[in-house]
Structure formats: structure tokens, C-alpha cells
1. By DSSP, what percent of the beta bridges with both residues in the chain are antiparallel, rounded to the nearest 5?
2. Just to be sure I understand: with springs between alpha-carbon atoms less than 10 Å apart, which residue in Gly305, Gly282, Gly254 has the highest mean-square fluctuation in the Gaussian network model of the chain?
3. How far apart, in nm, are the 7 Å Cα→Cβ label points at Arg176 and His150?
4. Amide H of Ile110: which non-local residues (sequence gap of 5 or more, or other chain) have their own amide H closer than 5 Å, using H built in the peptide plane?
5. For Lys24 and Arg361, calculate 0.36 nm times their separation in residues minus their Cα-Cα distance, and state this gained length in nm to one decimal.
6. In the range 224-266, which GluC sites (Glu not before Pro) fall in coil by DSSP and have 15 or fewer other Cβ atoms within 10 Å?
7. Subtract the Cα-Cα distance of Ser126 and Met2 from 0.36 nm times their separation in residues, and report this length gain in nm to one decimal.
8. Given Cβ point charges of +1 (Lys, Arg) and -1 (Asp, Glu) and nothing else, what value in debye, to the nearest 20, does the dipole of the chain about its Cα centre take?
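Read-outs: derived from the displayed coordinates by stated rules, not from any lab. Keep in mind the model is a prediction, meaning the values are calculated, not measured. Cβ coordinates were reconstructed from backbone atoms using ideal geometry, including for glycine residues, and neighbour counts include every protein chain displayed.
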Amino acid sequence: DMPMLEQCYNLLDFEAVARRVMKKTAWAYYSSAADDEITLRENHAAYHRIWFRPRILVDVEKVDFSTTMLGTNVDMPFYVTATALGKLGHIEGEVVLTRAAAKHNVIQMIPTLASCSFDEIVDAASGDQVQWLQLYVNKDRAITEKIVRHAEARGCKGLFITVDAPQLGRREKDMRSKFTDPGSNIQSGQTTDTSQGAARAISSFIDPGLSWSDIPWFKSITKMPIVLKGVQRVEDVVKAIEAGVQGVVLSNHGGRQLDFARSAIEVLAETMPVLRELGLEGRIEIFVDGGVRRATDIIKALCLGATGVGIGRPFLYAMSAYGFDGVDRAMQLLRDEMEMNMRLIGATTVADLNPAMVDVRSLYNH
Ligand code: FNR
């Protein structure tokens with residue numbers, strides 16, 4: 001007695017369905033987060049502490065929430081972030097997300113640890129569809145260089161280097177469930193120990209020695225814009241600007257790495273005033289991810305200065321429960337929510353969104 005797709009009225013509804021219908025191991029891998037999952041809970045909760053200051057009597061008959069991310073025009077200010085092991089949730093894996101992203105003209109970030117091969121995901125893209133690569137950096141830099149050059153050659157428009165995972169966090173729900181690889185394509189060149197859950201089984205190649213001194217090398221091997229994914233403090237945003245990268249993702253990896261990492265939206269609220277003060281505003285594109293479930297969450301992030309937001313689990317849950325139609329509907333629901341909420345706060349374009357439209361006083365007092 002699975003609910004009909006039409007009974008999913010928002011992104012959170014997909015999670016409830018997925019929990020019921022997904023295989024236990026898959027649910028454990030997708031839903032789990034580090035340790036006590038305090039950061040996981042905080043990611044969404046932090047948005048609940050930001051309130052709107054809507055403008056009235058603005059002509060909002062026409063609203064347009066298209067925007068630009070790393071030079072690409074997109075229809076909506078979110079992208080599908082990288083999440084590993086798509087075939088745990090759906091037999092076709094990540095290409096399901098590719099097709100939905102194409103339909104809604106939003107960008108997909110391809111994970112290093114996808115279940116489908118990188119080429120399968122690129123081949124699944126339609127004509128001018130834009131994709132980015134999420135990179136886990138291998139201890140063997142020759143492997144990493146090959147992956148990066150291949151991605152650029154295949155037309156990827158952004159290199160997102162994950163910087164919050166020198167070691168994978170302990171996701172105990174995942175560790176408790178017995179992981180068997182669903183015929184995935186992962187070729188890390190390592191033997192995998194599956195006794196510690198899915199995450200640990202696939203991640204032993206990641207280089208914990210990665211540091212700021214590696215950034216010039218990345219710039220030397222690619223012309224793709226480079227974005228650091230997993231920045232958690234304004235000091236590191238400033239360093240990223242100094243290092244000459246084009247973007248950062250304020251992110252705690254969906255609460256899956258350091259428990260008690262702050263929410264990205266709180267880090268964003270800390271970051272923008274400092275950049276303004278230092279005259280660095282506009283020098284770098286700032287994305288946020290983690291806990292984005294509603295268009296109001298997206299709008300809050302844009303008001304506070306984000307270029308766009310990444311969304312992870314909701315699309316995985318929609319895909320696992322209903323395949324393409326689920327992800328399609330999830331994106332359509334966001335589109336409908338965006339239109340209504342832009343109208344209700346009195347904004348007709350994303351350029352209208354600014355810090356004066358939100359009240360963040362209770363963000364810190366809770
Ligand atoms: C992730 N995330 C992630 N990030 C990354 O850089 N490389 C990866 O391989 C993965 N894999 C992954 C798997 C699963 C199942 C999840 C839920 C997440 C983190 C992801 O890109 C993003 O930071 C969070 O998912 C955002 O939070 P929400 O939207 O899931 O709340």
C-alpha cells in the first residue's frame with residue numbers, strides 16, 4: 001500500500017515513502033549521518049530559525065527565478081548534488097537524476113563514487129545539459145589527473161573538490177547494516193572491507209594528505225572552474241579566494257562527516273558580512289547544501305548571498321520510491337513552491353533577494 005506519487009506534496013513526503021519501501025541497507029546508507037546525527041538534524045532545523053521580511057505591493061504577476069551558476073544559465077537556483085551509490089536506490093542509478101535535471105534545466109553534479117560509470121552519466125545527458133564533477137582526490141595523483149582531464153574532455157563545466165572528508169565519518173546506522181555492492185562501477189583499485197558499512201567500503205583510496213598546497217596543481221591540470229566542497233568557516237572562504245578558486249560549497253556533507261559541524265546556512269550568514277567588510281563580495285560563488293527541503297529554504301539562502309543551493313537526499317528518496325517520475329515531481333514541486341513564495345515575499349527575480357528580506361536574529365539564539 002505504497003502512497004501514490006500524487007500524494008507527495010513536498011520533498012519531505014518522499015522521505016517518508018522511501019523509508020518504507022527502500023531496502024534496509026540502502027535506506028541506512030542514504031539516510032545515515034555521523035555519530036549522534038546532531039548536525040544532520042541541525043541542517044534543516046537552522047532554516048526554521050530564519051524569518052522573512054516580505055515587501056508588499058510589488059507587482060509579482062511575472063516571477064523569474066532563473067539564475068547563473070559558474071557561467072551556466074539554469075531555470076531554478078538549485079542543483080542536484082553528488083551522492084554516491086545511486087544503484088542502491090534504483091536499478092538504473094544516477095542516470096535517472098540526469099534525465100530529471102535535463103527536463104528542469106538544472107545542473108547535476110556527478111559523484112566520483114557513482115554506481116553508473118562517469119561516461120554512462122555523461123552519455124545520458126541531453127544536448128546542452130550541464131554537469132559538474134565531484135572529485136574525491138586519490139592518493140595516487142595520476143588517477144586523479146586522469147579523472148579530471150577526462151571530465152573536462154567530456155564537457156564537464158565545474159570541478160568540485162570535496163574537502164571535508166579526509167576520513168569518512170562514522171555513520172553507525174550504515175555500519176550496522178551489512179553492505180553488499182550492488183554491481184557498482186567503482187574502481188578504486190583497493191580491496192573493499194564491507195564490514196564497516198557502505199561508506200567505508202568504498203572510500204579507502206581518499207587522500208587524507210590533501211592540502212591548500214595542492215590547489216595550484218589542480219589549476220594547472222584543468223580549465224574547469226574549481227570549487228571547494230565542504231567549507232565550514234569564513235576564514236577558509238577568504239583562503240579560497242586567495243587560492244584563486246571560483247567557488248566554495250558551504251557544506252557539512254549532509255551531516256555525514258564531523259558531527260557538531262554548523263549548518264551551511266549559519267556559516268553563510270557569518271560569511272557574507274565579513275566578505276563585504278573585506279571588499280571581497282562577489283569575488284567567489286558561494287553555494288550551500290544540507291537540509292534544503294523547501295523553496296523557502298532556497299530563498300533564504302539566496303537572500304543571504306548564496307549563488308545557489310545543492311539538494312541531495314530528497315532526490316535520492318524520490319528516485320528510490322518512484323524513479324524518474326518521482327524526481328520529476330520533486331523538482332516540479334520546488335518550482336511551484338518557488339513561484340508562490342517569491343510572490344509572497346515580493347520578489348520577481350533572484351536579483352531582488354537581499355539580506356533585508358530575512359530576519360536572522362533567532363538563527364544564533366536558540
Ligand atoms: C552524499 N554526499 C557526498 N558528497 C561528496 O562530496 N561525495 C560523495 O560521494 C557524497 N555521497 C553522498 C551520499 C549520500 C547518500 C548522501 C546523502 C550525501 C554529500 C552531498 O553531496 C551533500 O553535501 C548533502 O547530501 C547535502 O545534504 P542533503 O541535501 O542530503 O540534506
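1. Numbers: 6 of 32 bridges.
Among the beta bridges of the chain, antiparallel pairing accounts for roughly 20 percent.
2. Gly282
3. 3.7 nm
4. For Ile110, the qualifying residues are Trp132, Leu133, Gln134.
5. On the way: separation 337, 0.36 × 337 = 121.32 nm, distance 4.02 nm.
Contour length minus Cα-Cα distance gives 117.3 nm.
6. Values: sites: Glu235, Glu242, Glu266; in loops: none.
Nothing satisfies the criteria.
7. Values: separation 124, 0.36 × 124 = 44.64 nm, distance 3.16 nm.
Length difference between fully extended and current span is 41.5 nm.
8. Values: 41 positive and 46 negative charges, 91 e Å.
I would put it at about 440 debye.
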